[in-house]
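Shown next, in structure tokens, is the structure this report addresses.
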Amino acid sequence: RGAKPSFLSDSATSSKIASAVAFRRASDAIKNGQPNAVAVVGEYFRIIETGLEEFRIALTDDNKNTFDETMVISVSDFLPYRNEIIEIFSSIAQYSCTTEMCHVVHRFFESLIPYLSRPNDINSWNETDYDNFRFIVHELFIYAVGVFIKFEKYDAASYLVSNEYFWDRPGGGDAAM
């Protein structure tokens, strides 16, 4: 009797990233200065990057009238993960802003670049299909730079802004910068 519980519906569970344990491990490793902090943060970022695929949306005839709402919902559903990532950036800036940690953050953003355009296995697409990813990735980049500036880690902010980002082009070819 009554309405179907939300945890039983596909839409309630389809946009979740199992990152809570990795987030706690990464946060603790950074704050406690553990020697494996760089590796643990890298593992957390890989979980986020892989899980981002759950937020993929596509413009279809069925959703063309509500696509804007679908995109906003997708971005809103990502907010808990965005907040985790910002907390990781803050912890890095406060406790472990090393060159190695900056490399990990840089590689995280490099790993997100393919989400800004068509994946190799998709042949039919619209440019708007990736708007949610464009918003999420750009917002995370702005937060990363902002957090490093807030905590006066100007070298880390400069590293993110001035270094090249490489990615494999859809359809093959050489890596692009």
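The values are calculated or read from the model by the stated rules, or taken from the named source; none is laboratory data. Just so you know, these numbers come straight off a predicted model, no measurement behind them. Positions of Cβ are backbone-derived with ideal geometry, glycine not excepted, and every protein chain shown enters the neighbour counts. Only protein heavy atoms, including side chains, enter the accessible area calculation; ligands, DNA and RNA are left aside. Shrake-Rupley method; radii C 1.70, N 1.55, O 1.52, S 1.80 Å.
Give the range 32-46 a look and list any residue that's open to solvent by less than 50 Å² (accessible area, probe 1.4 Å) and either closer than 13 Å to Ile17 by Cβ or aromatic (Phe, Trp, Tyr) (or both), or say none.
Tyr44, Phe45, listed by residue number.
Can you report the number of residues in the range 1-58 which are of a type in the set (A, V, I, L, M, F, W, C) and modelled with pLDDT under 90? Show your work before the answer.
Going through the range 1-58, the residues of a type in the set (A, V, I, L, M, F, W, C) turn out to be 3, 7-8, 12, 17-18, 20-23, 26, 29-30, 37-41, 45, 47-48, 52, 55, 57-58.
Within this subset, residues satisfying the condition of being modelled with pLDDT under 90 are 3, 7-8, 12, 55, 57-58.
Of the residues in that region, 7 qualify.
Looking at the range 74-98, which of the residues that are farther than 19 Å from Lys31 by Cβ and without any contact (Cβ under 8 Å) to a residue 12 or more places away in the chain is surrounded by the fewest Cβ atoms within 10 Å (Cβ to Cβ)?
Once the filter is applied, the top-ranked residue is Leu79.
Those residues that are at pLDDT below 95, open to solvent by 50 Å² or more (accessible area, probe 1.4 Å) and not in a loop (DSSP other than H, G, I, E, B), I need them from the range 99-127; list them, please.
Pro114, Glu127
Does the range 147-162 hold any residues that are in a helix (DSSP H, G or I), surrounded by 14 or more Cβ atoms within 10 Å (Cβ to Cβ) and hydrophobic (A, V, I, L, M, F, W, C), and which are they?
Listed by number, the residues that qualify are Val147, Phe148, Ile149, Ala156, Ala157, Leu160.
Do we have Phe135 as of a type outside the set (Ser, Thr, Tyr), assigned to a helix (DSSP H, G or I), at pLDDT below 95 and more than 18 Å from Glu43 (Cβ to Cβ) here?
yes
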